[in-house]
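Scroll down for the structure; my scribbles are underneath it.
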Amino acid sequence: MKENKHIVLVEDDDDDIFLLKTAFEELNMLDKVQLFRNGQDALVYLQNQSEPPSFVISDLNMPVMNGFELLDELLKKNFFVNGNPQFVFLTTSEKSMIPSHSFGESQFSFFTKGYSYNQMKDTLSIITTGKA
Amino acid sequence: MYILTKLTLSNDLDLMLAHKRSMQVADYGGIGIIQQTSFATAVSEVCRLMLDKESRPCMYLGVLKSKTGRSCVYARITDPRVTSINIQNPNLVYARKLVHGFTVEDDAITLICEMPTTVRLSKELIANGQKLFEELPAVTPYEEAKRLNDQLQEMANRLGESEKKYQVLTDSLPLMMFTVRSDGQMLFANEGFMHFAGTRAFEQLNWLTWLADRQSGISISRILEKMKTGEAFSLEISLKQSLDENRWHLLSMNPIENPLTGQVDWSGFLVNIHAQKLVEETLRDNEELRHIRLALETRQKELDLTVANLNRSNQELAKFAYVASHDLQEPARKMVVFSDMLLSKYHDSLPADGAGILKRIKTGSERMVAVIRDLLDYSKISIDRHIEIEPVQLTQIVQQAREQLEAQIADSGAEVRLDNDLTFMGNKQLLALLFQNLIGNAIKFVEKDIRPEIVISAQQVRLSELKGVNLDPNWAWTSISVTDNGIGFDERFLERIFEMFQRLHSQDQYKGTGIGLAICKRIAEMHRGQLIARSKVSKGSVFTIYLPNIKLSEH
């Protein structure tokens, strides 16, 4: 596990951005978070980085390019090296909404945003550090 | 020569007749009485001579124009044996003297008597003479008897001939012909009738009785009525041909007056028109069938249209519910999250009653989220009628439901036990949703401080068990039951619990949306199965889903 964890956050919903930023702030990780409002912006950024981030945490439903399409593009461009970065879907949708057979289970993680702030903060902690 | 009358001579009595006729012909020729007698005497002398030769001479009486242009009457007696007569016979010589002309040929002797010069031999004279002698009344009883006898004999011959022709003709016709009296007594029947009636003794039949026995379809009284009018008529009637075979016939009746009795007899015929009738009926039936088929097709089209409209409107409704609930989900979730965030982060700085109000907001929002989530589930299963069916493992399904219910199971300490595993045909996602709802209910509806115990078991259903639940016995069935130790319910509400938004408890007792069991029932139906509940108040409930072990073809 790298010391300097870089996180690419892809999210279009202002309320969720507010919640996630608050949670990251409380987890002292806000300075590591780079925010993009859709998959396209994130893709452009990621392709121009010399070093990949540790995590890509993405919503599913977004304008221009959604979460599946982003993952699909990254897979096509062989962006992942030794399982890095870890690709995480963080969404209100159910897991069953992901088109079956599109991706292997090993290529992404899946978390729901949940119905409480503390639950969401715990989820982010688990994603980034492996513990709540 | 113009013949006015002729006579065959066979005996002496005929000689008298020859004399009389000669007198009459001469009289018609305007010849005086003395000359008449001479002519008649001469003729009868010659006839007598001929008769003596035992032959049957023939005598012709008539008028002619002589070579000198004089109008005469003549008598010509023909006989092939004339040559054997002695010309010098005194009687013959005598006769020769009595007439104006006397000619002997090989086969005939002709006697001529001149008429007065005032009489002209006109066409009228000849024609009237022929007519006169034809109608001449009998001169003797013998002649009368002979004439009548001849006529009778000829008529009898002709009648016999005609009758034979009629019988042959009527017998050869493919119809029944008959003559009956008004009272039904049969007077005549042809071969066709006798064949149909099955008897040759038609004289013993009463036609009306016979008809009443044989016909069906119209009443015999109608025929009697028609006969009473005395006018020709025809009717279509059905006649029994054999025990159970009826054949349509056309009955045609014509009245004929019987000259002997003065009564009206009936001459009629019956002709088989069954084939024609059948064709008529078939055509009519066909026509009706075509009308019915057209009506059916029209109705079918209307129905198809209605179904299509209904489907479309249902789909639109389901889509609307899906979109509405999906879009409502996010803002509702935010209300829950932010009120939760406010409560947890600023709990200490909030006044107690303020925190209470905030909790109410949070509770209300949570309920809203629950309703929206269930509606979303329900609309999802309503949009798509086509479901993917594959072999599914009960363990897998229950595990999936368990994951979804992780928090509730943890909070309540519920025990969810799977008695046995089984693989059957179904849709994974839908069945997981079904068990999630059933297990969720079992956890929710328990007495306070009771640990929920849920047992799930599955088995192949025996045919004998199917009676109570009305399942198709041609299919193999799997039943999976979820048994709990909850509060149960009164079976009076069996119907109601599966209806949308129907609840048996208030929100402060047990929270819920009233959608869960409606979803379960719908899922069972989408599998062409059934969901059955058994329960008693405070004794727990058993929910059993029956699923057919078939690959479902859609619709």
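The values are calculated or read from the model by the stated rules, or taken from the named source; none is laboratory data. Keep in mind that this is a model prediction, so the values were computed, not measured. In this analysis, Cβ positions are derived from the backbone assuming ideal geometry, glycine residues included, and neighbour counts consider all displayed protein chains. What goes into the accessible areas is simple: the full protein's heavy atoms, side chains included, and nothing from ligands, DNA or RNA. Shrake-Rupley method; radii C 1.70, N 1.55, O 1.52, S 1.80 Å.
Odds and ends about this structure:
- Rg and Dmax of the range B:276-384, Cα atoms only, in Å: 30.2, 106
- Peptide B:328-334, shielding by other chains (average Cβ, 10 Å cutoff): 3
- Mean Cβ count within 10 Å, highest first, over the residues of peptides B:48-55, B:107-114: B:107-114, B:48-55
- Projection of the Cα convex hull of the range A:7-129, averaged over all directions and equal to a quarter of that hull's surface, yields 7.2 nm².
- Shielding of B:337-343 by partner chains, average beta-carbon count, 10 Å: 5
- Value at 222 nm in deg cm²/dmol, rounded to 500, when DSSP H runs of n ≥ 4 in chain B each add -39,500 (n - 2.57): -16500 deg cm²/dmol
- Given in Å, the Rg to one decimal and the Dmax to the nearest whole number for the Cα atoms of the protein assembly as shown are 64.3, 192.
- Shielding score for B:108-119, defined as the mean number of other chain Cβ atoms within 10 Å: 0
- Within-13-Å neighbourhood charge of A:Tyr117 [Cβ basis; K, R +1; D, E -1]: +1
- Over all pairs of different C-alpha atoms in the range B:354-413, the reciprocal of the mean inverse distance, the Kirkwood hydrodynamic radius, equals 14.8 Å.
- Debye equation applied to the C-alpha atoms of the range B:387-548, log10 I(q)/I(0) at 0.08, 0.13, 0.21 Å⁻¹: -0.22, -0.59, -1.58
- Extreme residue, positive dipole direction of the protein assembly as shown, given options A:Phe87, A:Leu70, B:Ser464 (C-beta unit charges): B:Ser464
- Burial ranking of peptide ranges B:15-22, B:168-175, B:416-423 (average Cβ count within 10 Å, highest at the top): B:15-22, B:416-423, B:168-175
- Burial ranking of peptide ranges A:63-73, B:529-539 (average Cβ count within 10 Å, highest at the top): A:63-73, B:529-539
- Angle in degrees between helix B:12-28 and the longest Cα principal axis of chain B, rounded to the nearest 10: 90 degrees
- Mean Kyte hydropathy of -1.0 or more with a Cα span along the axis of at least 27 Å, helices from DSSP in chain A: none
- With the Kirkwood sum run over all distinct C-alpha pairs, the range B:2-136 has a hydrodynamic radius of 14.7 Å.
- Where the range B:173-272 is the region considered: accessible area per residue in Å², 1.4 Å probe: 55 Å²
- Value in Å of the Kirkwood radius, where chain B supplies the Cα pairs that are averaged: 37.1 Å
- The range A:1-70: C-alpha pair distances exceeding 21 Å, %: 23 percent
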